[in-house]
Amino acid sequence: MTARGRLAPVAHRAGWIAGGLALQLAGLGGPIAYVVTRAKHESIGGLLTVATVRLAWHESVHERKGIALLAAGAIVFALGSVLLARPFVKRRLTLLVAVPLAAACGALILGVAALVVTLVVLISEAGGDVGNLGNIPGGGSGGSSEKNAPPAPPGPAGPGA
């Protein structure tokens, strides 16, 4: 018999851990597969570039289907975290509130860390020049700027010529 608000110990941890990891993988894999599939569909000539993935991600976030898939992935990931934590948590409140909240915060922190690492790599490839990020092959803004445009042909020499 357990006290009110407490959970009984589990007999076999391996099943809980395996189930939790499987759900976390499914929660991450669904949105990733959707964005990659969309990026491959948007690519020109089968070439998958950083700009194509960025475009597919941006479009996914602005569509109902994409938002629903991202939300479902987050919920499945949080459920996987609850299953994974069950053998180690003794209080119901911790399991049902703190663990999903920590899972969501952890996913956000991992996303921010991935962005920071990407920026550091891009800056190192640009030789430390932040203004030169648009000139990295396969990276940058994907648009053309005046400094990337070819020089204008020479015009007539002087006014009235």
Residue by residue through region 79-93, the couplings from Karplus 6.51 cos²θ - 1.76 cosθ + 1.60 with θ = phi - 60°, in Hz, x for Gly and Pro, are 4, x, 5, 5, 4, 5, 7, 3, x, 9, 9, 10, 10, 4, 4
The long-range amide H neighbours of residue 91, using H built 1.01 Å from N in the peptide plane and a cut-off of under 5 Å, are 7
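We did not get these values from a lab; they are worked out from the coordinates using the rules stated. Quick caveat: nothing in here was measured; it's all calculated off a predicted structure.
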